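**Q** Following this message is one structure expressed as structure tokens.
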């Protein structure tokens, strides 16, 4: 019987349970290949992540740069338009300074002038205060110098033409006379 038991035991062993030494060697060889392949994939994944992050940063910088350029272009265009209108404002001021017998006409010109000034104010245009102010070469253009004891040293005593600015950008310098240089 022991012979039969031995035969039965071998017959009961399934083919799957039999370990083939060649297969074990293959599994051991595949494991390092998988590790190397996994390392390659991880490195590639890191490279792609870095590339995406760089592109996102570059795109963010692009958006900021174009927004800044757009603002600069808008300010430049606005400045050029206002610069062309300043001559009209000067002529309105001269018209208001002249004598006129028709008060209704003068009042109409005044209303148009005030509307012009309000519109310029809404655009951020400011008049440069010059009269009795200290001379500032960044804001004023001195066309003459006088000695006058009624004014302090380096003080603007007369304004020939008003100056205007938008924010810190000077559109037109004030043409002035400086006392006691």
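**Q** If you go through the range 109-129 one residue at a time, how many are free of Cβ contacts under 8 Å to residues at least 24 places away in the same chain and not in a helix (DSSP H, G or I)?
**A** Residues that pass the stated criteria total 1.
**Q** Suppose the filter is surrounded by 10 or more Cβ atoms within 10 Å (Cβ to Cβ), more than 30 Å from residue 162 (Cβ to Cβ) and at pLDDT below 90; does residue 42 pass it?
**A** Against the criterion (surrounded by 10 or more Cβ atoms within 10 Å (Cβ to Cβ), more than 30 Å from residue 162 (Cβ to Cβ) and at pLDDT below 90), residue 42 does not qualify.
**Q** Now, a different point. State whether the residues of the range 165-172 include one that is more than 17 Å from residue 84 (Cα to Cα), loosely packed, with under 15 Cβ neighbours inside 10 Å, modelled with pLDDT under 95 and in contact with a strand residue (DSSP E or B) (Cβ under 9 Å, 6 or more places away or on another chain). Quick ask: steps written out before the conclusion?
**A** Narrowing the range 165-172 to residues more than 17 Å from residue 84 (Cα to Cα): 167-168.
Add one more test, that the residue is loosely packed, with under 15 Cβ neighbours inside 10 Å, and what stays is 167-168.
Going one step further and asking which of them are modelled with pLDDT under 95, we end up with 167-168.
From what is left, the residues that are in contact with a strand residue (DSSP E or B) (Cβ under 9 Å, 6 or more places away or on another chain) are 167.
For the range 165-172, residues more than 17 Å from residue 84 (Cα to Cα), loosely packed, with under 15 Cβ neighbours inside 10 Å, modelled with pLDDT under 95 and in contact with a strand residue (DSSP E or B) (Cβ under 9 Å, 6 or more places away or on another chain): present.
**Q** With the requirement that a residue be surrounded by fewer than 12 Cβ atoms within 10 Å (Cβ to Cβ) and within 29 Å of the chain's Cα centre (by Cα), what does the range 138-164 give you?
**A** 138
**Q** Does residue 66 satisfy the condition of being in contact (Cβ under 8 Å) with a residue 24 or more places away in the chain and surrounded by 10 or more Cβ atoms within 10 Å (Cβ to Cβ)?
**A** Working: in contact (Cβ under 8 Å) with a residue 24 or more places away in the chain: no; surrounded by 10 or more Cβ atoms within 10 Å (Cβ to Cβ): yes.
Criteria not met by residue 66.
Quick grid of which residues meet (1) assigned by TED's automatic domain parsing to the domain that holds residue 176; (2) in contact (Cβ under 8 Å) with a residue 12 or more places away in the chain; (3) part of a helix (DSSP H, G or I):
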{"site": "77", "(1), (2), (3)": "no, no, yes"}
{"site": "85", "(1), (2), (3)": "no, yes, yes"}
{"site": "107", "(1), (2), (3)": "no, no, yes"}
{"site": "131", "(1), (2), (3)": "yes, yes, no"}
{"site": "137", "(1), (2), (3)": "yes, no, no"}
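**Q** While we're on this one: Which of (1) surrounded by fewer than 15 Cβ atoms within 10 Å (Cβ to Cβ); (2) assigned to a helix (DSSP H, G or I); (3) in contact with a helix residue (DSSP H, G or I) (Cβ under 8 Å, 6 or more places away or on another chain) does residue 100 not meet, given it meets every other one?
**A** (2)
The values are calculated or read from the model by the stated rules, or taken from the named source; none is laboratory data. From a predicted model like this one, the values you see are computed outputs, not experimental measurements. Cβ atoms come from the backbone with ideal geometry, glycine included; neighbour counts cover every protein chain shown.
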